[in-house]
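Please read the structure below before turning to the comments.
The values are calculated or read from the model by the stated rules, or taken from the named source; none is laboratory data. No experiment lies behind these values; they were computed from the predicted model shown. Heads up, the Cβs are rebuilt from the backbone with ideal geometry, glycines too, and the neighbour counts pull from every protein chain shown. Note: accessible area is taken over every heavy atom of the protein model, side chains too, but ligands, DNA and RNA are not part of it. Shrake-Rupley method; radii C 1.70, N 1.55, O 1.52, S 1.80 Å.
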Amino acid sequence: MEKLIATFQRFAEMEAHGRSPLYEYWCQRIIHHEPLLNLITHIPQTQPKPNLFFASVQYLALQKETPLKQVFEHPHEANLEQSFPLLIAFCTEFQHELIQLFQTKLVQTNEVQRASYLYPLFSEIASETKKPLTLIEIGTSAGLLLNVDHYHYQIKQQELISFGDETSPLTLMAENFGDPVTILEKPIILNRIGIDLNIIDVNNEEQYEWLQSLIWPELTERKMNLDHARHIHAKCEKQLLTGDFTALLPKLFANEAYKETQIIIFHTHVANQFPAQLKTAWYLSYL
């Protein structure tokens, strides 16, 4: 139990602080509440417990007509002190349904904002190689980052610059603290391939709502971005493969259709979960 308490304390201080007052406050109360801690122990060891717990509560609360639903719908107006008893009551009433979610759901986000740094990188590679691109994303989730050329971007650096698809319904805002972005030609992307052990279908309402519930309630812009990206996603042809990337990549490399393109293998987070042995073996196999 001490390890679980430390996990929620660290989540409050290092992750929720400054981004989600609601989750930060709840974490600070959960660590002193034994019944909630006992409930959370039903979450598998393979999953980050604070993320899965809060996502499960948000997902279920938005389906139930309880006072907690109002907290999630209007997080900026929530009274934090009054919200915690609502959380306790909700978890007590819907304990069995929450445990079912703990056992069947995964913490698997798809942060479309990351496209704001991927697009300039892909543009630069396409410019240098003079080739169309084949994108292969490991840990693709729903595959939203494979649509980078279908988003519009506004980047603050020495001056505000805009690039990407100006007609896109989604504009991503970011700030560049490194070298100024200069090469912004639209890359030609012929093939888009995503690999994941569990592909998320954003056209499936249940899966889409779970993806939304993984976003912290105060991050309303991120929720709106996901909604816009969802509609763009359906119009962008791609191949999403379920399986282990170490088995799938050799087959993709052998595909003659990709020989005249520049293959880019990328990830934005998933490799952080790989053991060091896997990283080393994978790197050496492609030297």
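Numbers below:
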quantity: Verdict on LYS131 being in contact (Cβ under 8 Å) with a residue 40 or more places away in the chain and open to solvent by 60 Å² or more (accessible area, probe 1.4 Å); calculated: yes
quantity: Residues that are of a type outside the set (Ser, Thr, Tyr), under 14 Å from PHE90 (Cα atoms) and surrounded by fewer than 17 Cβ atoms within 10 Å (Cβ to Cβ), drawn from the stretch 34-76; calculated: PRO35, LEU62, GLN63, LYS64, GLU65, PRO67, GLN70
quantity: The one condition in (1) more than 23 Å from VAL112 (Cβ to Cβ); (2) among the aromatic types (Phe, Trp, Tyr); (3) modelled with pLDDT of 85 or more that TYR283 fails to fulfil; calculated: (3)
quantity: For THR140: the one exception among (1) β-branched (Val, Ile, Thr); (2) open to solvent by 20 Å² or more (accessible area, probe 1.4 Å); (3) closer than 29 Å to PRO48 by Cβ; calculated: (2)
quantity: Given (1) under 12 Å from the mean Cα position of the chain (by Cα); (2) farther than 18 Å from LEU22 by Cβ; (3) open to solvent by 20 Å² or more (accessible area, probe 1.4 Å), number of the condition LEU211 does not satisfy; calculated: (3)
quantity: Hits in the stretch 217-232 - residues which are surrounded by fewer than 21 Cβ atoms within 10 Å (Cβ to Cβ) and either over 13 Å from ALA142 (Cβ atoms) or not acidic (Asp, Glu) (or both); calculated: GLU218, LEU219, THR220, GLU221, ARG222, LYS223, MET224, HIS228, ARG230, HIS231, ILE232
quantity: Count of residues meeting criterion [in a helix (DSSP H, G or I), out of contact with any His (no Cβ under 8 Å at 6 or more places or on another chain) and not polar (S, T, N, Q)] in the stretch 208-232; calculated: 14
quantity: Positions within the stretch 233-258 being open to solvent by 40 Å² or more (accessible area, probe 1.4 Å), in a helix (DSSP H, G or I) and free of Cβ contacts under 8 Å to residues at least 60 places away in the same chain, in sequence order; calculated: THR246, ALA247, PRO250, LYS251, PHE253, GLU256
quantity: For ILE155: the one exception among (1) in contact with a His (Cβ under 9 Å, 6 or more places away or on another chain); (2) open to solvent by less than 30 Å² (accessible area, probe 1.4 Å); calculated: (1)
quantity: Residue within the stretch 77-92 that is surrounded by 18 or more Cβ atoms within 10 Å (Cβ to Cβ) and modelled with pLDDT under 95 present; calculated: yes
quantity: Of the criteria (1) modelled with pLDDT under 95; (2) hydrophobic (A, V, I, L, M, F, W, C); (3) closer than 26 Å to PRO180 by Cα, which one LEU118 fails; calculated: (1)
quantity: Selection count, the stretch 93-104, where residues are buried (at least 18 other Cβ atoms within 10 Å of the Cβ) and under 25 Å from the mean Cα position of the chain (by Cα); calculated: 3
